[in-house]
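The values are calculated or read from the model by the stated rules, or taken from the named source; none is laboratory data. Values in this document were obtained by computation on a predicted structure and should not be read as measured data. So basically every Cβ, Gly included, is an ideal-geometry build from the backbone, and we count neighbours across all protein chains shown.
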Amino acid sequence: MIRIRPSTPADGDRAVDIWRAAVDATHDFLTPADRIAIEEEVKGFLPQAPLWLAVDADDRPIAFMLLDGSSMEALFIDPAHRGRGIGRALVEHAIGLHGTITTEVNEQNDQAAGFYERMGFTATGRSDRDGQGRPYPLIHLLFSPRS
């Protein structure tokens with residue numbers, strides 16, 4: 001059974017560990033240099049970011065989501081816990097908070113793109129580069145509750 005709770009400063013290192021493991025498992029399209037550069041950026045902001053954590057029975061974080069209002073800026077699940085409904089639970093938490101949710105997914109990340117499609121997100125656009133100007137196309141997504 002998982003529980004969702006806000007992060008605390010003590011969760012920062014674990015959030016970076018989750019990010020690292022998840023990226024290494026799903027982002028094989030990144031160049032080695034970009035992978036290193038992105039990790040440095042992540043280590044600079046993620047530990048202080050206001051995250052929603054999915055935690056196990058021992059209160060150990062196993063996934064996190066970063067929301068900026070109704071924009072889901074990040075969703076990462078420890079690969080050892082994938083396929084157990086944790087990503088779905090976090091997204092449903094965001095929907096419960098905001099109803100309509102936007103996010104972006106790397107076009108090359110087929111697993112994540114499929115997850116968002118199964119969750120009911122629809123594509124609203126595409127960018128040729130990521131938010132830092134790197135050549136990793138993004139698909140812009142929207143979840144809007146059905147009336």
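Quick check, is ARG134 in contact (Cβ under 8 Å) with a residue 60 or more places away in the chain, surrounded by 11 or more Cβ atoms within 10 Å (Cβ to Cβ), within 24 Å of LEU30 (Cβ to Cβ) and not β-branched (Val, Ile, Thr)?
Spelling it out, ARG134 is indeed in contact (Cβ under 8 Å) with a residue 60 or more places away in the chain, surrounded by 11 or more Cβ atoms within 10 Å (Cβ to Cβ), within 24 Å of LEU30 (Cβ to Cβ) and not β-branched (Val, Ile, Thr).
Picking from residues in the stretch 8-28 that are free of Cβ contacts under 8 Å to residues at least 12 places away in the same chain and of a type outside the set (Asp, Glu), the one that is nearest to LEU66 (Cα to Cα) is THR8.
Do we find that ARG20 is surrounded by 12 or more Cβ atoms within 10 Å (Cβ to Cβ), outside any helix (DSSP H, G or I) and at pLDDT 95 or above in this structure? Taking the combined requirement at face value, the residue does not satisfy it. Once the stretch 116-147 is narrowed to residues that are part of a loop (DSSP other than H, G, I, E, B) and among the hydrophobic types (A, V, I, L, M, F, W, C), the residue that is farthest from VAL105 (Cα to Cα) is MET119. Answer yes if at least one residue in the stretch 130-141 is of a type in the set (A, V, I, L, M), in contact with a Phe, Trp or Tyr (Cβ under 6 Å, 6 or more places away or on another chain) and either modelled with pLDDT of 95 or more or farther than 23 Å from ARG20 by Cα (or both), and no otherwise. The answer is yes; a qualifying residue exists. When residues in the stretch 97-115 are screened for being in a strand (DSSP E or B) and within 23 Å of ALA25 (Cα to Cα), 4 of them pass.
Considering only residues of the stretch 34-67 that are among the small types (Gly, Ala, Ser) and assigned to a strand (DSSP E or B), which is surrounded by the fewest Cβ atoms within 10 Å (Cβ to Cβ)?
Selected residue: ALA54.
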